[in-house]
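The values are calculated or read from the model by the stated rules, or taken from the named source; none is laboratory data. Here the structure is a predicted model, which is why all the values come from computation and not from measurement. Here the Cβ positions follow ideal geometry from the backbone for every residue, glycine too, while neighbour counts run over all protein chains shown.
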Amino acid sequence: MSPDSLREPANGGRPAHVPAFVSIFNPIASRLLRIGTPLGPNALLTVRGRKSGQLRTTPVALVEVNGRRWVQSPFGDVNWVRNLRAAGEATITVKRRPESVEAIELSTAETARFFKDVLGPYVGRIPLGRWLVSLLGLGEILSDPDAAAAKHPVFELRASANAGSGAGSRATAH
């Protein structure tokens, strides 16, 4: 990570509240994505645990626009965010194709611009996108991106220069 992209953990480092349905959806989505079932913009993110050192895999929404890719946390400073922040690298798997990536966390100002200039228009192009954002309780991302930027970390993912090392070389689902 570059020094100018570092920022304080969202929510002051406190654990975020994750809705109960996520604990039901994530294992189902993980299994479906693992076998290559397309689930909209969802992908599997595998990152080394900051404490255990073990690989952890979770489904995330992957935003791809003009050849650039990002992941953002709808529920704030959750474990995958803290792990990705610590590791700075991960493996993203789309349609059973893993790719090692470098993860650069956006500053709060960069996150606000991302919500305004990238995510807002992106969600607007997805059928029922704005409804889904509201259903997840994330309407603030569209209505007040500056406030939302302080609570919802965003990472830009770039192809890793060392594609054969890091999380990608030993990726297994947990």
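Some observations on this one:
- All positions within the stretch 90-112 that are in a strand (DSSP E or B) and either of a type in the set (Gly, Ala, Ser) or crowded, with 19+ Cβ neighbours inside 10 Å (or both): Ala90, Thr91, Ile92, Thr93, Ser100, Val101, Ala103, Glu105
- Residues of the stretch 60-87 that turn out to be touching a helix residue (DSSP H, G or I) at 6+ places or on another chain (Cβ under 7 Å) and of a type in the set (D, E, K, R), as a count: 1
- Some residue of the stretch 46-53 being out of contact with any Lys or Arg (no Cβ under 6 Å at 6 or more places or on another chain), on the phi > 0 side of the Ramachandran plot and free of Cβ contacts under 8 Å to residues at least 12 places away in the same chain: yes
- Of the residues making up the stretch 41-68, those that are touching a strand residue (DSSP E or B) at 6+ places or on another chain (Cβ under 8 Å) and small (Gly, Ala, Ser) are Ala43, Gly49, Ala61.
- Candidates in the stretch 57-89 are the residues that are touching a Leu at 6+ places or on another chain (Cβ under 8 Å), not aliphatic (A, V, I, L, M) and not in a strand (DSSP E or B); of these, the one that is nearest to Gly129 (Cα to Cα) is Pro74.
- Restricting the stretch 115-131 to residues that are among the hydrophobic types (A, V, I, L, M, F, W, C) and touching a helix residue (DSSP H, G or I) at 6+ places or on another chain (Cβ under 8 Å) leaves a set whose member that is surrounded by the fewest Cβ atoms within 10 Å (Cβ to Cβ) is Ile126.
- Subset of the stretch 132-162 that is in a loop (DSSP other than H, G, I, E, B) and surrounded by 13 or more Cβ atoms within 10 Å (Cβ to Cβ) - its residue that is modelled with the lowest pLDDT: Leu136
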